[in-house]
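Novice: Sending over a structure as structure tokens; questions will come in a sec.
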Amino acid sequence: MNVIEALQKEIQSTLVVVMAGGEGKRMGYTGTPKPLIPISGVSLLDRCITFLASNGFKRFVILTRQDKVVEHVSGTDYKVELKVCRDPQVPRVGKGKALAYALRTGCLNPEERILIAFPDDIFTDESLPLRFIASHVEAVKRLGVWASVAVVAALQLPYGVVELDPTGLATKFEEKPRLSIYASTGLYIFEPPALRLLAEKVDLDSPHSIE
């Protein structure tokens, strides 16, 4: 088996979990779930699934609490294997809680690798998922990691920055600096040990983030 065939096998054995429970209120959409907000006529959810499917992923689970998302998915042929699971109908679910709930209710199998994606993260790097899973698989083999997160190595602020001394005097101006920090892109991969731990430890009575 060559490298490309090995990577294809890893992709085929990876389940994509799309977290699609968000509302669109903060983006100015009332009555439209965030995953269904259109960009150039195509919803964020459709863009997410199409993007990952173009990288070879064929099995998807949508986690949502939105009836409109369920209706949209049921009426769309993505040419992939897809099912929808309901988030718990309680206030302040949190992404970690939604994932733990799906594991405990049998919607997700804790014995298979999953890649987590969010519809409102739009990627312009078409091959990012391929490189991400290749890096993750290598880290599992060499380092025994349980989970990976795709990050960007630096952020560029969209505005100028001013440094002040203790007296409040400006000592330095810097226009749109790049910050050397690692920021999450919203792509995660979890191996079974991490999923089993998450299903066991997360308190379903409280909201939890994935991080």
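The values are calculated or read from the model by the stated rules, or taken from the named source; none is laboratory data. These numbers come from a predicted model, not from an experiment. So basically every Cβ, Gly included, is an ideal-geometry build from the backbone, and we count neighbours across all protein chains shown. SASA here: full protein model, heavy atoms, side chains in, ligands and nucleic acids out. Shrake-Rupley method; radii C 1.70, N 1.55, O 1.52, S 1.80 Å.
Novice: Tally up the carbon and sulfur contribution to the accessible surface of segment 86-211 as a whole percent, 1.4 Å probe, everything protein left in place.
Specialist: Details: 4160 of 7630 Å².
Answer for segment 86-211 is 55 percent, counting heavy atoms of protein chains only.
Novice: May I ask for the equivalent-ellipsoid semi-axes of segment 87-145, computed as the square root of five times each C-alpha gyration tensor eigenvalue and listed largest first in whole Å?
Specialist: Gyration-tensor ellipsoid for segment 87-145: 26, 18, 9 Å.
Novice: Another question, then. Taking loop as defined by DSSP and a crowding limit of 13 other beta carbons within 10 Å, which GluC sites (Glu not before Pro) in segment 48-150 fit?
Specialist: Counting only loop positions with at most 13 other Cβ atoms within 10 Å, the GluC sites (Glu not before Pro) in segment 48-150 are Glu111, Glu126.
Novice: Among Leu179, Leu143, Leu82, whose mean-square fluctuation peaks in a Gaussian network model of the chain (Cα, cutoff 10 Å)?
Specialist: Among Leu179, Leu143, Leu82, the largest mean-square fluctuation in the Gaussian network model of the chain belongs to Leu179.
Novice: Further, regarding this structure: Angle check, please: helix 44-53 long axis (alpha carbons) against the longest principal axis of the chain (alpha carbons), in degrees 0 to 90, nearest 10.
Specialist: The helix 44-53 is inclined about 70 degrees to the chain.
Novice: In whole angstrom, and with the biggest value first, how far do the Cα coordinates of segment 114-162 range along each principal axis?
Specialist: For segment 114-162, the Cα extents along the three principal axes come out at 45, 25, 16 Å.
Novice: To continue, here is another question. Any chance you could give the angle, 0 to 90 degrees and rounded to 10, that helix 3-12 forms with the longest Cα principal axis of the chain?
Specialist: In the chain, helix 3-12 runs at an angle near 80 degrees to the longest axis.
Novice: Continuing with this model, one more query. Taking Cβ-Cβ under 4.7 Å as the only way to count a partner, pick out the unpartnered cysteines of the chain.
Specialist: Cys48
Novice: Within the set Lys9/Lys201; Lys34/Lys83; Lys68/Lys97; Lys34/Lys141; Lys79/Lys141; Lys68/Lys201, which residue pairs have Cα atoms separated by over 25 Å?
Specialist: Violating the 25 Å Cα-Cα cut-off are Lys9/Lys201; Lys34/Lys141; Lys79/Lys141; Lys68/Lys201.
Novice: If you take the alpha carbon radius of gyration of segment 5-76 and divide it by 2.2 N^0.38 Å, what ratio comes out, to two decimals?
Specialist: 1.23
Novice: Follow-up question, since we're still on this one. Translational D (Stokes-Einstein, µm²/s) of the chain at 10 °C and 1.306 mPa s when Rh comes from the Kirkwood sum over C-alpha pairs? Let's see the in-between values first.
Specialist: Working: Rh = 18.9 Å.
Answer, rounded: 84 µm²/s.
Novice: Taking the Cβ of Leu63 as the centre, find all other residues whose Cβ is under 11 Å away and add up their charges (Lys, Arg: +1; Asp, Glu: -1). Don't skip to the end; give the middle numbers.
Specialist: On the way: positive: Arg65, Lys83, Arg86, Lys95, Lys97; negative: Asp87.
Result for the local shell: +4.
Novice: Let me ask something else. Using θ = phi - 60° and the Karplus relation 6.51 cos²θ - 1.76 cosθ + 1.60, list the HN-Hα couplings for segment 190-203 in order, rounded to whole Hz, with x at every Gly or Pro.
Specialist: Karplus values, whole Hz, x for Gly and Pro: 10, 8, x, x, 5, 5, 5, 5, 4, 5, 7, 8, 6, 7.
Novice: Kindly report the accessible area of the chain per residue (heavy atoms of protein chains, probe 1.4 Å, no ligands, DNA or RNA), in Å².
Specialist: 58 Å²
Novice: Now a separate question. How much net charge surrounds Arg113 when only other residues with a Cβ under 10 Å from its Cβ are counted (Lys, Arg +1; Asp, Glu -1)?
Specialist: Charge balance near Arg113 sits at -4.
Novice: Right, here's the next one. Kindly give the semi-axes, whole Å and largest first, of the ellipsoid equivalent to segment 88-193, taking each as the square root of 5 times a Cα gyration tensor eigenvalue.
Specialist: In descending order, the three semi-axes are 37, 20, 13 Å.
Novice: Right, something else. Based on DSSP H runs of at least 4 residues, each adding -39500 (n - 2.57), what is the mean residue ellipticity at 222 nm of the chain after dividing by all its residues, to the nearest 500 deg cm²/dmol?
Specialist: Helix contribution divided over all residues of the chain: -9000 deg cm²/dmol.
Novice: If you build the Cα gyration tensor of segment 148-204 and take the root of 5 times each eigenvalue, what three semi-axes come out, in whole angstrom, biggest first?
Specialist: 40, 15, 8
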